[in-house]
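The values are calculated or read from the model by the stated rules, or taken from the named source; none is laboratory data. Note that this is a predicted model, so its numbers are computed, not measured. Neighbour counts are summed over all protein chains in view; Cβ atoms, including those assigned to glycine, are modelled from backbone coordinates with ideal geometry. Remember, those area values only see protein heavy atoms, side chains included, never the ligands or the DNA or RNA. Shrake-Rupley method; radii C 1.70, N 1.55, O 1.52, S 1.80 Å.
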Amino acid sequence: MSGLFDLTGRVALVTGSSRGIGNALARALADAGATVVLNGVNAERLKAAEVALAADFGPGRVHSVAFDVTSDAEAARGIAWVEEHVGPLQILVNNAGIQHRVPMLELDVADWERVIKTDLTSAFLVGREAARHMIPRGRGKIINICSVQTDLARPTIAPYVAAKGGLRNLTRAMTAEWAASGLQINGIAPGYIHTEMTQNLVDDEQFNSWILGRTPAARWGTVQDLAGPAVWLASDGSDFVNGQTIFIDGGMTVVV
Ligand code: NAP
């Protein structure tokens, strides 16, 4: 058992980790021993996040590279930077994501495409680039951050629902093509987690009480709730777990 969840010496890139869930996942992986690379678009916010994490783990254990996950060329540049400046990438967490709330009849195609690109296409672009390096080495872990909207729809968030549902099947498609090369690709589907992205929902009294009633665990999730599953899926402890999406949702998706 000892060492099964130890990530010492492994290089992990977490996209969208300048704040929110991604930042907490990077911290969890670092806490398990990994050398982590943070990512985001806003360079100033990213640098501040790197400095904050490095204060706890040391500068050699924390790096950052700004790139836009929706761009093929940028994804290639970002992964190449990690390989050259930090080391062979062993763990990729495709976490970067956005939300856009508007009824479907009023939804602009441009907004639909922006959400699909950021929440789904990005995992294909960054995942493919990472796999190009991982496959020849015969090992690698890719974790795609899904959502309860991978399984359940709600009004006003159609592109998000479509993207997150697609992300589960992309996880399966990656498994179909890359598992035989020693890669494990899985999804984590967080329930409602209190972050900047959901602060407006927490502040909405009606929505907040709906969440508490709709969740068997009767609370919002915390970023800390995602740490254990992320470390497990990044570690040798999950070496025969392939193509699964694990719901970390206080039981929301198992009840009506
Ligand atoms: P958040 O606080 O809004 O943070 C989003 C992160 O993604 C930021 O670091 C942002 O970087 C980055 N990002 C956005 N677009 C990007 C792009 N094109 N390229 C690179 N980075 C980009 O979001 P969150 O709530 O932590 O959510 C993170 C993930 O968890 C998302 O995939 C979301 O769908 C999923 N999720 C969240 C919840 C929840 O309750 N919060 C529940 C289920 C699933 P900048 O700082 O540079 O903008």
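Do we have Ser122 as open to solvent by less than 40 Å² (accessible area, probe 1.4 Å), polar (S, T, N, Q), out of contact with any Lys or Arg (no Cβ under 9 Å at 6 or more places or on another chain) and within 14 Å of the ligand (Cβ to nearest atom) here? Before you say what the answer is, go through the steps one by one.
Working: open to solvent by less than 40 Å² (accessible area, probe 1.4 Å): yes; polar (S, T, N, Q): yes; out of contact with any Lys or Arg (no Cβ under 9 Å at 6 or more places or on another chain): yes; within 14 Å of the ligand (Cβ to nearest atom): yes.
It is true that Ser122 is open to solvent by less than 40 Å² (accessible area, probe 1.4 Å), polar (S, T, N, Q), out of contact with any Lys or Arg (no Cβ under 9 Å at 6 or more places or on another chain) and within 14 Å of the ligand (Cβ to nearest atom).
Yes/no matrix, rows are residues, columns are (1) in contact (Cβ under 8 Å) with a residue 40 or more places away in the chain; (2) polar (S, T, N, Q); (3) in contact with a Gly (Cβ under 9 Å, 6 or more places away or on another chain):
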position	(1), (2), (3)
Gly22	yes, no, yes
Ala43	no, no, no
Phe57	no, no, no
Ile79	yes, no, no
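A quick yes/no check of all residues on (1) assigned to a strand (DSSP E or B); (2) modelled with pLDDT under 95; (3) within 10 Å of the ligand (Cβ to nearest atom); (4) open to solvent by 20 Å² or more (accessible area, probe 1.4 Å):
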site	(1), (2), (3), (4)
Ile116	no, no, no, yes
Gly127	no, no, no, no
Arg132	no, no, no, yes
Pro155	no, no, no, yes
Gln199	no, yes, yes, yes
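What are the residues in the range 10-49 that are of a type outside the set (A, V, I, L, M) and near the ligand (Cβ under 8 Å from one of its atoms), if any? If you could, list the steps in order and put the result at the bottom.
Going residue by residue through the range 10-49, those that are of a type outside the set (A, V, I, L, M) are 10, 15-20, 22-23, 27, 31, 33, 35, 39-40, 42, 44-45, 47.
Once the filter is applied, which keeps residues that are of a type outside the set (A, V, I, L, M) and near the ligand (Cβ under 8 Å from one of its atoms), the range 10-49 yields Thr15, Gly16, Ser17, Ser18, Arg19, Gly20, Gly22, Asn23, Asn39, Gly40, Asn42, Arg45.
Pick out the one residue from Phe207, Phe247 that is closer than 20 Å to Lys164 by Cβ, open to solvent by 20 Å² or more (accessible area, probe 1.4 Å) and within 14 Å of the chain's Cα centre (by Cα). Walk me through how you get there before you give the answer.
On the way: Phe207 fails: within 14 Å of the chain's Cα centre (by Cα).
Every option except Phe247 fails the conditions.
Could you please find all residues in the range 16-28 being open to solvent by less than 10 Å² (accessible area, probe 1.4 Å) and in contact with a helix residue (DSSP H, G or I) (Cβ under 6 Å, 6 or more places away or on another chain)?
Taking the range 16-28 first, the residues open to solvent by less than 10 Å² (accessible area, probe 1.4 Å) are 17, 22, 25-26.
Across the range 16-28, the qualifying residues are Ser17, Leu25.
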